[in-house]
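Just below is one structure, and these are the notes that go with it.
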Amino acid sequence: MSVMALILLMAVAGCSKEEESPTATAVPASSDGGSQVASGVSAIAAERGLTEADIEAAVKTFVPSGTHDEYILFASGGHSGQMLVIGMPSMRLLKVVGVYTPEPWQGWAVGDASETSHILDGGDLQDGTELTWGDTHHPALSETAGDYDGEWAFINEKANGRVAVIDLRDFETKQIIKNPLSMSNHGATMVTPDTKWVIEGGQFPAPLDGSYASIDEYEEKWRGVLTMWKFDRSTGRINYDESFAVETPPYWQDLCDAGKLVSAGMIFCGSFNSEMATGGIEDGNPPLEAGISQADMDYLHIFDIDKMTAAVAAGKTDMINGFPVISLETAAAEGILHFAPEPKSPHGADVTPDGEFVVVSGKLDPHVTVYSVPKIKEAIAAGATERDPFGVGILDFDTVVEVQVEVGLGPLHTQFDDQGYAYTSLFLDSAVARWTLGGSFSDLHSEPDWELIHKTPVHYNIGHLVTTEGDTVSPDGKYLVAMNKWSIDRFNVVGPLLPQNFQLLDISESGTTMPVIYDSPIGIGEPHYAQIIKADKLNPWEVYPEVGWNPETQSLDPRAVAPGEEGVTRDGNNVTVKSTLIRSHFTPERVNVKVGDRVTWHMTNLETAFDATHGFALPGQNINLSLEPGEHQTIEFEVTDEGVFTFYCTEFCSALHLEMAGFFMVAPN
Ligand code: CUK
Ligand code: CUA
């Protein structure tokens, strides 16, 4: 059915713009409107029991074959360890980018032989333990002057404290770094408005040098940490040697956000467990969740980047595990870290697009608390009157808070649009709250400032939410995605483990109109956060720039194999294979080696046509590669078992794809 037909149908059926109209009746099959096309569509709608609201939602989200989505959603893949790339408004899954977990389709880090495996190895633990999964939470798109520039993405890994860099020219992971001080992170990754720094906030405290300390020494020896990774655009890598960390008290640091515009140079991180509860229900202590939730207030952490870098430049750091760390004592004394009290088990901390306010939600408080950055700055300048047990200055709550807005039960995260509204996810209410901002946003909406306007129910147990370009200095305000933890009855039952549910909301109208227009099941991990960029800001390659391109270095590989150079050569036990791939053959097709040989295999895909990818599967060696047009890969492995193994192309690349194969023959030594 065409969009035109649907529009005709809506005209005929008199579609209302009312949202959430569960009582709306199915469109009548007969229409006196005239058009044959329209009556065909209304017949379909009647047969399928579709309401007018359903049809309107379908028209808003349908992206006809051959046309592209307007926005791209980069979502965390949760404990799949990957990053999801989804088109909007269609919500079609475009790619699962391999990050912390091997991904065979992309040949990403499968086995030990490839260069992508070595990138994943960059995140191995200090003792060499290999990690093959991760728990991703927060992707961050690179920014220029506070706006997404479409060049890079970063994503954290909570379980083992890692950070990854993804190049948006080819949507491949280029670097994975293991935090040298912490086994976990959470307020990660966020970038400063110029992407000079990639922020990795911590979560679970522990001794920073990785040593053992009894839980009785929690207050004395366990510590939190905020790590500042210096990103170098020219190399496309985090520069480990210019990075550093700030020691924090053993509260559980949580979500962070970087300041922008008036708050540029500041970092805000929520925290919980100012009680420093350590559990021990088995010893008669309150369980962790009760112990951690006793106090009325925890601490919003407010960091000053300029003061940090000044301390680093002045050598006011200690080396822990070979990494420079600003001690908690120095952070407190130099005003690098201040606290502002935040109510009742806080979670999100989100900076408004103008940088003037920080919105914090307490999970057990029906209000969001809005802090004023100018008031925070004044309070810091005036000097903190109180200090926590570690000497960190605490700002007076009433002095720095602008307002508290009652939004509903279980508020978590907040996003923004271009109409002066904020949107807060309500976990317990299973709803998205729309409320008005004051300050510079006052003129953008017609309602009073700081007031709840509307709640749209979502299904169910929403965690994060994300609006189009919602973390930038200029959000687009067209769509919102509710990232729901539970889907319950929304989809066909696929066994007891259910998919998450991304629900698309149309937020383009003001006031109380904010309908859900699409449900999208996410059957891979538990995505936490996402960011949405206008698709035309991305400038990805269709094929690699030159034949023989190495995606790991993003340059022409000197080992690239040109046509005519193919062959197998031997030097003692070292066998070098030079291969080319083009529809529909590998050259050479016969590779003879012996048990005990060390094989170095260079492979160049000679294709320059859009989408002409070849795979390379080598049975018996745990190897699968994806060679995209122009791509070069070199793999190295040792041969331990005799036998004959047929390597073949894993991408159906041509009519004779099944014939694209060759023989890897291992003779006894
Ligand atoms: S956290 Cu998951 S819902 Cu890791 Cu950002 Cu809030
Ligand atoms: Cu190449 Cu199939």
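Counting pairs of alpha carbon atoms under 8 Å apart in space and at least six apart in sequence, what relative contact order in percent does the range 400-465 give?
Relative contact order, the range 400-465: 34 percent.
Which is farthest toward the positive dipole end of the chain among F397, L581, F204, measuring Cα position about the Cα centre, with Cβ charges +1 (Lys, Arg) and -1 (Asp, Glu)?
Sorting the options by dipole projection puts first L581.
Show which lysines lie in cross-link reach of K485 when reach means a straight Cα distance below 20 angstrom and same-chain residues fewer than eight apart are skipped.
Cα-Cα hits under 20 Å: K158, K363, K455.
Counting only heavy atoms of protein chains, what accessible area per residue, in Å², does the chain have with a probe of 1.4 Å?
Details: 26390 Å² over 669 residues.
Dividing the accessible area of the chain by its residue count gives 39 Å².
Would you mind checking the pairs K196/K260; K230/K307; K178/K260; K230/K375; K174/K307 and listing those with alpha carbons more than 23 angstrom apart?
Listed pairs above 23 Å: K178/K260; K230/K375; K174/K307.
Give me, ordered by chain and number, the residues 5 or more places off L409 or on other chains with an amide H under 5 Å from its own placed amide H.
Counting only residues 5 or more places away or on other chains, the set is D429.
Of all the accessible heavy-atom surface of the chain, with the other protein chains kept in place and a 1.4 Å probe, what percent is carbon and sulfur?
Of the solvent-accessible surface of the chain, carbon and sulfur hold 53 percent.
Which aspartates and glutamates have a Cα lying under 17 Å from the Cα of K60, excluding residues fewer than 8 positions away in the same chain?
Hits, sequence-local ones excluded: E18, E19, E20, E52, D69, E70, D476, D506, E509, D519.
Return, for the Cα atoms of the range 280-362, the radius of gyration and Dmax in Å, separated by a comma.
Values for the range 280-362 (Cα only, Rg and Dmax): 17.1, 49 Å.
Lys and Arg at +1, Asp and Glu at -1: add these up for the other residues within a Cβ distance under 14 Å of M319 and post the number.
Once positives and negatives cancel, what remains is -3.
When only DSSP loop residues count, what chymotrypsin sites (Phe, Trp or Tyr not before Pro) in the range 432-489 have their Cβ near at most 13 other Cβ atoms within 10 Å? Intermediate values should be presented prior to the final figure.
Details: sites: W435, F441, W450, Y460, Y479, W486; in loops: W450, Y460, W486.
Sparse-neighbourhood loop chymotrypsin sites (Phe, Trp or Tyr not before Pro): none present.
Which net charge results when you count Lys and Arg as +1 and Asp and Glu as -1 among the other residues whose beta-carbon is under 15 Å from that of G567?
Taking every Cβ under 15 Å from that of G567, the sum is 0.
What net charge do the residues around P346 carry, taking every other residue with its C-beta under 12 Å from that of P346, with Lys and Arg at +1 and Asp and Glu at -1?
Here the count lands on -4.
Send over the semi-axes of the range 89-163's equivalent ellipsoid, whole angstrom and largest first, taken as the square roots of 5 times the C-alpha gyration tensor eigenvalues.
Those come to 25, 17, 12 Å.
Note down, for the chain, the three equivalent ellipsoid semi-axes (square root of 5 times each alpha carbon gyration tensor eigenvalue), biggest first, whole angstrom.
Working: eigenvalues 381, 288, 88 Å².
They are 44, 38, 21 Å, listed largest first.
Could you derive backbone 3J(HN,Hα) for the range 155-160 from the dihedral phi with the Karplus parameters 6.51, -1.76 and 1.60 (θ = phi - 60°), listing whole Hz in sequence and x where the residue is Gly or Pro?
Listing the rounded values in order: 8, 8, 9, 6, 5, 10 Hz.
Sort D135, D597, D418 by heavy-atom solvent-accessible area, probe 1.4 angstrom, most to least.
Highest to lowest solvent-accessible surface, that is D418, D135, D597.
Taking the Cα centre of the range 549-667 as origin and charging only Cβ (+1 Lys, Arg; -1 Asp, Glu), how large is the dipole, in debye to the nearest 20?
Working: 7 positive and 17 negative charges, 55 e Å.
Roughly 260 debye, rounded to the nearest 20.
Could you size up the charge dipole of the range 83-219 around its Cα centre, putting +1 on the beta carbon of Lys and Arg and -1 on that of Asp and Glu, and report it in debye to the nearest 20?
So the dipole magnitude of the range 83-219 works out to roughly 500 debye.
Name the longest site-free stretch of the chain, where the excluded sites are GluC sites (Glu not before Pro) in a DSSP loop with no more than 11 other beta-carbon atoms within 10 Å.
Looking at the chain, 131-541 is the longest stretch - no exposed GluC sites (Glu not before Pro) with at most 11 other Cβ atoms within 10 Å.
So what are the ³J(HN,Hα) numbers for the range 288-301, from phi and the Karplus equation (6.51, -1.76, 1.60; θ = phi - 60°), rounded to whole Hz, Gly and Pro as x?
For the range 288-301, the Karplus curve yields 3, 5, 7, x, 6, 9, 5, 6, 6, 10, 10, 10, 6, 8 Hz.
Between the range 206-267 and the range 427-486, what is the C-alpha centre distance in whole Å?
Measuring centre to centre over Cα atoms gives 29 Å.
For q = 0.16 Å⁻¹, what log10 I(q)/I(0) does the range 549-667 give under the Debye formula with an equal point scatterer on each alpha carbon and no solvent?
After summing over all Cα pairs, the log10 values are -0.71.
Quick one: compute the contact order of the chain, relative version, from alpha carbon pairs under 8 angstrom and 6+ residues apart, as a percent.
This gives 10 percent for the chain.
Explain nothing, just the number: relative contact order of the range 570-669, from Cα pairs under 8 Å at least 6 residues apart, as a whole percent.
Reported relative contact order: 33 percent.
Kindly provide the helix-only [θ] at 222 nm of the chain, computed as the sum of -39,500 (n - 2.57) over DSSP H runs of four or more divided by all residues, to the nearest 500 deg cm²/dmol?
-3000 deg cm²/dmol
Hey, got the dipole for the chain? About the Cα centre, +1 on K and R Cβ, -1 on D and E Cβ, debye to the nearest 20?
Here the size comes out at about 1080 debye.
Looking at the range 549-626, which chymotrypsin sites (Phe, Trp or Tyr not before Pro) are in a loop (DSSP not H, G, I, E or B) and have at most 16 other Cβ atoms within 10 Å?
On the way: sites: W549, F586, W601, F610, F616; in loops: F610.
Counting only loop positions with at most 16 other Cβ atoms within 10 Å, the chymotrypsin sites (Phe, Trp or Tyr not before Pro) in the range 549-626 are F610.
Roughly speaking, what is the centre-to-centre gap between the range 646-669 and the range 296-351 when only Cα atoms are used, to the nearest Å?
Here the two parts' Cα centres lie 56 Å apart.
The values are calculated or read from the model by the stated rules, or taken from the named source; none is laboratory data. Every value quoted in this text rests on a predicted model; they were computed, and no experiment measured them. A quick note on method: Cβ atoms are made from the backbone with ideal geometry, for glycine too, and the neighbour counts reach across all protein chains shown. With ligands, DNA and RNA removed, areas are computed over all heavy atoms of the protein, side chains included. Shrake-Rupley method; radii C 1.70, N 1.55, O 1.52, S 1.80 Å.
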